[in-house]
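We did not get these values from a lab; they are worked out from the coordinates using the rules stated. If you're wondering where the values come from, they're calculated on a predicted model, not measured in any experiment. With ideal geometry, Cβ positions are generated from the backbone for all residues, glycine too; neighbour counts draw on all protein chains shown.
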Amino acid sequence: MAGGVALRIILATGNPGKLRELQKLLGERFELVPQAELNISPIEETGRTFVQNALLKARHASSESGLPAIADDSGLEVDALGGAPGIRSARYAGSDATDEENNHKLLAELGACPEIDRTARFRSSMVYVRAPDDPEPFVAEGVWEGRILDSPRGTGGFGYDPLFLDESAGLTGGELGADDKNRRSHRGQAARRLSAMLVTGRIDAKVK
């Protein structure tokens, strides 16, 4: 940020929940502009990992806008399902699936799986590119460990949050307040690490 002016960055997502969370996490130094405001269509996510998909999205948004871009690719990994839904978390029940449809499929797939075997984690890979061909993008990651319940609790958050129990808090992602969730979540961890990189200009910047 120079002279008190926030750095304008394209956010490569159409998810309003992600926009709200990331703007709060990154703070006033950065102005996040959702790609839809510039009529940028999403790119097909053909990567095999969260990092690959995040880079695809960020480079596409930067190419279309001429601005720096941030993209997050994140998802839920359930041990009893071999890591599924993984990179397909947002489209687990289909390409246009709603949160409710994805949650319903997850519960159906787990069936009568006992609680002890319902361990899971949210994983986030967040990248920043200065330009479409940036040879050294910043990459930050975060992991949030927990367990999948057999029914939803709470109305906050989005996605799988109401089914995901943070055992240390005893609350689901749908029950945690926004600030508490941001302190704990995979996306909160990744955003703080990325923010430190952006502020210092160092890829190896660390935060607690």
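Within 11 Å, Cβ to Cβ, of residue 162, how many net charges do the neighbouring residues add up to if Lys/Arg are +1 and Asp/Glu are -1?
Charge balance in the 11 Å sphere: -3.
Quick one: the Cα spread of the chain along its three principal axes, in angstroms, biggest first?
55, 33, 27
Output the relative contact order of segment 7-200, whole-number percent, from Cα pairs under 8 angstrom with separation of 6+ residues. Before the final figure, lay out each step's value.
On the way: 393 pairs, mean separation 37.5, N = 194.
It comes to 19 percent, rounded to a whole number.
Quick one: order 9, 43 by neighbouring beta-carbon count within 10 Å, fewest to most.
Starting with the residue having the fewest Cβ neighbours, the order is 43, 9.
Give me 56, 106, 11 sorted ascending by neighbouring Cβ count inside 10 Å, so fewest comes first.
The most exposed by this proxy come first: 56, 106, 11.
Using 0.36 nm per residue of separation minus the Cα-Cα distance, give me the extension gain between residue 91 and residue 200 in nm, one decimal.
Answer, rounded to one decimal: 35.7 nm.
Name the residue from 132, 168, 112 whose Cα lies farthest towards the positive end of the charge dipole of the chain, charges +1 on Cβ of Lys and Arg and -1 on Cβ of Asp and Glu.
132
Using bins 10 angstrom wide from zero, how does P(r) for segment 51-143 break down, in % of all Cα pairs?
With a bin width of 10 Å, the distribution comes to 17, 37, 28, 15, 4, 0.
Hey, what number do you get for the chain at 222 nm if only DSSP H runs of n ≥ 4 count, each worth -39500 (n - 2.57), divided across all residues, to the nearest 500?
Estimated from H runs of four or more residues: -9000 deg cm²/dmol.
With N residues in segment 105-208, what two-decimal value do you get for its Cα radius of gyration over 2.2 N^0.38 Å? Write out the running numbers ahead of the final one.
Values: Rg = 16.3 Å, N = 104, 2.2 N^0.38 = 12.8 Å.
Computed over Cα atoms of segment 105-208, the ratio equals 1.27.
Efficiency by 1/(1 + (r/R0)^6): what FRET value for residue 100 and residue 7, r their Cβ-Cβ distance, R0 = 35 Å, to the nearest 0.05? Mind showing how you got there, number by number?
On the way: r = 36 Å, r/R0 = 1.04.
Taking R0 as 35 Å, the efficiency between residue 100 and residue 7 is 0.45.
Quick one: longest stretch of the chain between exposed loop GluC sites (Glu not before Pro), exposed meaning at most 15 other C-beta atoms within 10 Å and loop per DSSP?
By the stated rule (loop sites, at most 15 other Cβ atoms within 10 Å), 45-166.
Kirkwood hydrodynamic radius (Cα pairs, Å) of segment 130-183? Could you put the intermediate results ahead of the total?
On the way: mean 1/r = 0.0786 Å⁻¹.
When all Cα pairs of segment 130-183 are included, the Kirkwood radius is 12.7 Å.
Among 98, 13, 49, which comes first, second and so on when ranked by fewest other beta-carbon atoms within 10 Å?
Ordered from fewest to most neighbouring Cβ atoms within 10 Å, 98, 13, 49 come out as 98, 49, 13.
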